[in-house]
Amino acid sequence: MPKITINGREIEVPAGVNVLQACEMAGIEIPRFCYHDRLSVAGNCRMCLVEMERAPKPIASCAMPVGEGMVIHTDTPAVQKARNGVMEFLLINHPLDCPICDQGGECDLQDQAMAYGYDRSRFEENKRAVSEKYMGPLIKTIMTRCIQCTRCVRFATEIAGVEDIGMVNRGENAEITTLERAIDSELSGNLVDICPVGALTSAPYAFVARPWELRKTMSVDVMDAVGSNIRVDARGREVLRVLPRLHEDINEEWISDKTRHVRDGLSRQRLDRPYLRIDGKLRPVSWEEALTAVAERLRGLPGERMAAIAGDLCDAESMLALKDFMTGLGSPNLECRQDGSKVGGMGAPRSEYLFNTTIAGIEQADAILLIGTNPRWEAAMVNARIRKRFWQTGLPVGVIGPNVDLTYRTLWLGDGPEALHALARGEGDFAETLRKAKRPMLILGSGVAARPDGQALVALARSIAETFGMAGPDAPEGWNGYNLLNRVASRVGGLDLGFVPGEGGRDLEGILSGAERGEIDLVWLLGADEIDMSRLGEAFVVYQGHHGDAGAHRADIILPGAAYTEKNGTYVNLEGRVQLGRLSVFPPGEAREDWTILRALSEIVGQPLPYDNLGEVRQKLIEANPIFGRLDEVRPAAWEAFGVAGDTVPVPFALPVNNFYMTDPISRASPTMAECTELFVMPKLAMTGTEG
Amino acid sequence: MKVTTYIPPQPGDFEFTPENIEKAKSYIARYPEGRQASAVLWLLYLAQEQNDGWLSVPAIEYVAQFLNMAPIRVHEVVSFYTMFKRRPVGRYQIQVCRTTSCWLRGSDEITKACMEEAGVSRFEEVSADGFFSVIEVECLGACCNAPVFQVSNEHYYEDLTPESAKAVMKALRNGEAPQPGSQTGRISSEPEGGLTTLTTLQETT
């Protein structure tokens, strides 16, 4: 622990930090542009100059490691003058277009020019201009504003793993370019965040709002099961943008493009009033009529003739309300696994369906086995974490299933269950790698668990985990390397709540075939759009949700609910971490928060649900499963028996997501996501027809 | 106002000749395993030589593929170094030094004369006969013999006058090999008009 003196104060800092970080620890702000905690050090903006005793000239504090006995000054006239000078040079070629710049109000250059710059310019020559670059549909470029900090180049190379951005030419002609190619990365939106000036700005958000007009709500994302922490910025009744919020254990400070840009889907295809199918056509009705119509349908209907399916974006509150409602009517036919997965049935141990290693835990792994999954598209932040670990250590990653580009080096072991069997028998080099690894982990794709032979494959994966000391008695203390990669936000919460078939209840296949055969008369779809609607037969379908997607098209009655930005909801992410999403804007039109719809209906049906406000619902949630009482906490799940050993079918693994940009009703309604699909996904589909 | 540009993608194809593939492999072998990217400058020179003195986009991407590098990384290298040309060049590139010493000694006239002789009106334009392209470069380090031009990164022609510059170019066009070095006949950078010091050998005692 070296001791250094900063501005006359002696402090002790951890070895290996640089002077800039040491100054931060001492509570002194150092201005910077090119330096970013999560990127490599470039040291090219020179804004962080400080004085070091016995050095002939100011040093760039971001590039200077601390040494024992260093004496640093950050408040001398020389430092001030150096900052002034650097600032003046940076502004030489920077246009004075702040009034029309989207970065205005949240621009590092603007803020630091105010704090450290001169108040006028002495530069009288011509400024240079740089032609705009094409970087795809999500990033708008105004390259004249670029100050060549190269943060974007380093982000693309190091974090996103797509070497598409570079700095060409030199000196005055230097410029950032992608050579007119769109950046094919699901993390590209973060380039806008790390750009300290207005050179890279969000294209869908261009000229939409000023930061000080926006109402900011701290929330969580539901586009995948990661539960990225986000800030939802809204003005009036519309969500205008979504930004990442720091959470070291989940998304660090990045989010995926779907999380960021799906927001324009929130104002399209919305269900904003109840509809009732009369003479084959959906007609708008009042809430009273709609609820009465449902109540009439329910009257006298035996429990086993009705069923409920919860969708991918549901909050725990609405699932609890629906579960209580259905149970009250005597129906055990509940299902929250729209993909037909068998994992996590009644009484299943939590370790079966969680990402037990935790996302932050990936940074301790030294070998990873991916089974039938493309984490890049199923959980982009998990993939970013694997990439981070790979960037640090170059750890071996084995892939069984479709061999897709994951932005890091992988070893392809086979495409189906045979490869898994071979590995279980200890055959091949990768088995040796796993055996030698101290903290190996495997990630089982949700698509594998959803296969007809899913339970056997889960059992096989479990035995691999035990054989190679990933989990169980042979694993290191506190290490659990068995992970199921859930990809939908509601899944873990639904399973924790027990939104699964009860005693004698039907699972997804049972509900669908029952509806087909006329054994089920009423199906309640709570935002469920991914099932095969044609199999619902003659059943009366109640669709409760927020978007006019597959479910609403089939529905006989539509009860408009709230999207994730419009309600206070509890979500459990794939690690089993309970987080709160918060209301940012109110639902449009007559739409209501989902649990309140069920509460109102229960009154009419004559089986009132035992809660009248959100606090009481959450109390019930905690009673249903105490896990809901522990916010933002991951409790290790006990390693218990799960899976059913059996025969596997020698069919290659297929990926559950074949279009990252369109996986749910909101993203399917988003024009931005449609544009990305056309540009990034369609060419790949045309190429092989099997790309996942 | 100055607007920067870079070269747009071009059609075309590029591949090393079998001899150059062998050469390229020998260059790569000079670096440790996993550090093949270090050979990028060697390979770019090789590609430039094979591609008539300039690097087309397909050539750059071929080198990137050869070294398993991202194309943008090679574009960065090519655009950084002035020795790599990204537009077609004449068989002989006349690189006129324009830095202080040469400029004071009349490099502007030399440039003008060279462009006249080549029959071009702007820098980097290839003459109609394909023989010449003219550019100005920064200090070539031959200030004692200013003004100076270099031909295709190779020979220096020094102590130029507009006439002697044209004469050198004529000779090149005729397929002759004009004598590099001073065009006034002095030996390397000796003073003009003969030696003024060390004129006699003095025996040391």
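The values are calculated or read from the model by the stated rules, or taken from the named source; none is laboratory data. Note that this is a predicted model, so its numbers are computed, not measured. Glycine gets a Cβ as well: all are built from the backbone with ideal geometry, and neighbour counts include every protein chain shown.
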Open item on the list: Could you check the range A:144-154 and list, in sequence order, the residues that are within 20 Å of A:D193 (Cβ to Cβ) and either modelled with pLDDT under 90 or facing another protein chain (nearest Cβ under 10 Å) (or both)?
Closed with: A:V153
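Condition first: more than 13 Å from every other protein chain (Cβ to nearest Cβ) and hydroxyl-bearing (S, T, Y). Can you find one or more residues in the range B:68-91 that meet it?
The first filter runs over the range B:68-91 and keeps only residues more than 13 Å from every other protein chain (Cβ to nearest Cβ), leaving B:85, B:87-91.
From the residues that got through so far, the ones that are hydroxyl-bearing (S, T, Y) too are none.
No: zero hits.
Look through the range B:124-139, keep the residues that are touching a Ser or Thr at 6+ places or on another chain (Cβ under 8 Å), in contact (Cβ under 8 Å) with a residue 12 or more places away in the chain and outside any strand (DSSP E or B), and return whichever of them is surrounded by the fewest Cβ atoms within 10 Å (Cβ to Cβ). Break it down into steps so the answer makes sense when it comes.
Keep residues of the range B:124-139 that are touching a Ser or Thr at 6+ places or on another chain (Cβ under 8 Å), which gives B:124-127, B:133-134, B:136-139.
Adding the requirement that they be in contact (Cβ under 8 Å) with a residue 12 or more places away in the chain leaves B:124, B:126-127, B:133-134, B:136-139.
Checking which are outside any strand (DSSP E or B) leaves us with B:124, B:127, B:138-139.
Numbers: B:E124: 15, B:S127: 20, B:E138: 11, B:C139: 14.
Across the range B:124-139, the extreme among qualifying residues is B:E138.
With the condition kept exactly as written, say whether any residue in the range A:278-297 is touching a strand residue (DSSP E or B) at 6+ places or on another chain (Cβ under 9 Å), in contact (Cβ under 8 Å) with a residue 40 or more places away in the chain and among the polar types (S, T, N, Q). Let's see the steps before the verdict.
We begin by selecting, within the range A:278-297, every residue touching a strand residue (DSSP E or B) at 6+ places or on another chain (Cβ under 9 Å); these are A:282-285, A:287, A:289-291, A:293-294, A:297.
Going one step further and asking which of them are in contact (Cβ under 8 Å) with a residue 40 or more places away in the chain, we end up with A:282, A:287, A:290-291, A:293-294, A:297.
Add one more test, that the residue is among the polar types (S, T, N, Q), and what stays is none.
No.
Residue by residue through the range A:661-679, note down the ones that are part of a loop (DSSP other than H, G, I, E, B) and closer than 10 Å to A:D549 by Cβ.
Taking the range A:661-679 and keeping what is part of a loop (DSSP other than H, G, I, E, B), we get A:661-664, A:669-670.
Correct list: A:D664, A:A669.
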Task: All positions within the range B:103-114 that are more than 15 Å from B:V151 (Cβ to Cβ) and surrounded by 13 or more Cβ atoms within 10 Å (Cβ to Cβ) - done: B:W103, B:R105, B:G106, B:S107, B:D108, B:E109, B:K112
Task: Restricting the range A:163-187 to residues that are modelled with pLDDT under 90, among the charged types (D, E, K, R) and part of a loop (DSSP other than H, G, I, E, B), the residue that is surrounded by the most Cβ atoms within 10 Å (Cβ to Cβ) - done: A:R181
TODO: Could you list, in sequence order, all residues of the range A:202-224 that are among the hydrophobic types (A, V, I, L, M, F, W, C) and either assigned to a loop (DSSP other than H, G, I, E, B) or within 27 Å of A:V657 (Cα to Cα) (or both)?
DONE: A:A203, A:A206, A:F207, A:V208, A:A209, A:L214, A:V220, A:V222, A:M223
Open item on the list: Name the single residue that is surrounded by the fewest Cβ atoms within 10 Å (Cβ to Cβ) among those in the range A:1-32 being touching a Lys or Arg at 6+ places or on another chain (Cβ under 8 Å) and under 24 Å from A:E88 (Cα atoms).
Closed with: A:P31
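Residues checked against (1) of a type in the set (A, V, I, L, M); (2) more than 26 Å from A:A293 (Cα to Cα); (3) without any contact (Cβ under 8 Å) to a residue 60 or more places away in the chain:
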residue: A:V500; (1), (2), (3): yes, yes, no
residue: A:E503; (1), (2), (3): no, yes, no
residue: A:L512; (1), (2), (3): yes, no, yes
residue: A:G518; (1), (2), (3): no, no, yes
residue: A:V523; (1), (2), (3): yes, no, no
residue: A:A528; (1), (2), (3): yes, no, no
residue: A:R535; (1), (2), (3): no, no, yes
residue: A:A563; (1), (2), (3): yes, no, no
residue: A:E575; (1), (2), (3): no, yes, no
TODO: Among what's in the range A:165-182 and is over 9 Å from A:M135 (Cα atoms) and among the charged types (D, E, K, R), pick the residue that is farthest from the other protein chains (Cβ to nearest Cβ).
DONE: A:E172
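Can you name the residue in the range A:484-510 that is under 19 Å from A:I627 (Cβ atoms) and in contact with a helix residue (DSSP H, G or I) (Cβ under 6 Å, 6 or more places away or on another chain) and is also surrounded by the fewest Cβ atoms within 10 Å (Cβ to Cβ) among such residues? Break it down stepwise before answering.
To start, the set of residues in the range A:484-510 that are under 19 Å from A:I627 (Cβ atoms) comprises A:484, A:486, A:488-500.
From what is left, the residues that are in contact with a helix residue (DSSP H, G or I) (Cβ under 6 Å, 6 or more places away or on another chain) are A:484, A:486, A:493-497, A:499.
Numbers: A:L484: 29, A:N486: 30, A:G493: 31, A:G494: 29, A:L495: 26, A:D496: 23, A:L497: 25, A:F499: 28.
Per the criteria, the residue is A:D496.
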TODO: Sort out which residues of the range A:95-104 are assigned to a loop (DSSP other than H, G, I, E, B) and under 13 Å from A:F207 (Cα atoms), and write them in order of number.
DONE: A:C101, A:D102, A:Q103, A:G104
- [ ] Return the residue satisfying two criteria in turn: it lies in the range A:89-107 and is in contact with a Phe, Trp or Tyr (Cβ under 8 Å, 6 or more places away or on another chain) and surrounded by 19 or more Cβ atoms within 10 Å (Cβ to Cβ), and of such residues it is farthest from the other protein chains (Cβ to nearest Cβ).
- [x] A:D102
Task: Which numbered condition B:T111 misses (of (1) over 16 Å from the mean Cα position of the chain (by Cα); (2) touching a residue at least 24 places away in the same chain (Cβ under 8 Å); (3) not in a loop (DSSP other than H, G, I, E, B)) - done: (1)
Task: Among the candidates A:F33, A:F89, residue that is closer than 25 Å to A:R154 by Cα and in a helix (DSSP H, G or I) - done: A:F89
Task: Within the range A:409-509, helices (runs of 4 or more DSSP H) holding 1 or more residues that are more than 30 Å from A:I520 (Cα to Cα) - done: A:417-424, A:429-436, A:454-467
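For the structure I just gave you, tell me whether B:I60 is free of Cβ contacts under 8 Å to residues at least 12 places away in the same chain and within 12 Å of chain A (Cβ to nearest Cβ). Write out each step before concluding.
Working: free of Cβ contacts under 8 Å to residues at least 12 places away in the same chain: no; within 12 Å of chain A (Cβ to nearest Cβ): yes.
It is false that B:I60 is free of Cβ contacts under 8 Å to residues at least 12 places away in the same chain and within 12 Å of chain A (Cβ to nearest Cβ).
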- [ ] Consider A:V197 carefully, then state whether it is closer than 22 Å to A:L246 by Cα, of a type in the set (V, I, T) and either over 20 Å from the mean Cα position of the chain (by Cα) or within 12 Å of chain B (Cβ to nearest Cβ) (or both).
- [x] yes
Open item on the list: The conditions are (1) at the interface with chain B (Cβ under 10 Å from one of its Cβ atoms); (2) part of a helix (DSSP H, G or I); (3) surrounded by fewer than 21 Cβ atoms within 10 Å (Cβ to Cβ); (4) free of Cβ contacts under 8 Å to residues at least 12 places away in the same chain, and A:T157 fails exactly one of them. Which is it?
Closed with: (3)
Open item on the list: For the range B:60-67, check the following and say yes or no: at least one residue is modelled with pLDDT of 90 or more, under 30 Å from A:T157 (Cα atoms) and within 19 Å of the chain's Cα centre (by Cα).
Closed with: yes
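For the range B:14-80, give me every one of the helices (runs of 4 or more DSSP H) that falls completely inside it and has 3 or more residues that are in contact with a strand residue (DSSP E or B) (Cβ under 7 Å, 6 or more places away or on another chain).
Details: elements: B:18-28, B:40-50, B:57-66, B:71-80.
In the range B:14-80, the matching helices (runs of 4 or more DSSP H) lie at B:71-80.
Can you find a residue in the range A:114-136 that is part of a helix (DSSP H, G or I), in contact (Cβ under 8 Å) with a residue 24 or more places away in the chain, within 14 Å of another protein chain (Cβ to nearest Cβ) and in contact with a Ser or Thr (Cβ under 8 Å, 6 or more places away or on another chain)? Give the derivation first.
Initially, the range A:114-136 is screened for residues part of a helix (DSSP H, G or I), giving A:114-116.
If we keep only those that are in contact (Cβ under 8 Å) with a residue 24 or more places away in the chain as well, we get A:115-116.
Filter once more, keeping what is within 14 Å of another protein chain (Cβ to nearest Cβ): none.
No, the range A:114-136 contains no residue that is part of a helix (DSSP H, G or I), in contact (Cβ under 8 Å) with a residue 24 or more places away in the chain, within 14 Å of another protein chain (Cβ to nearest Cβ) and in contact with a Ser or Thr (Cβ under 8 Å, 6 or more places away or on another chain).
Does the range A:559-582 contain any residue that is over 24 Å from the mean Cα position of the chain (by Cα) and charged (D, E, K, R)? Full working, then the answer.
If we filter the range A:559-582 for residues that are over 24 Å from the mean Cα position of the chain (by Cα), which is where we start, we get A:559-560.
This time we only want the ones that are charged (D, E, K, R), so: none.
No, the range A:559-582 contains no residue that is over 24 Å from the mean Cα position of the chain (by Cα) and charged (D, E, K, R).
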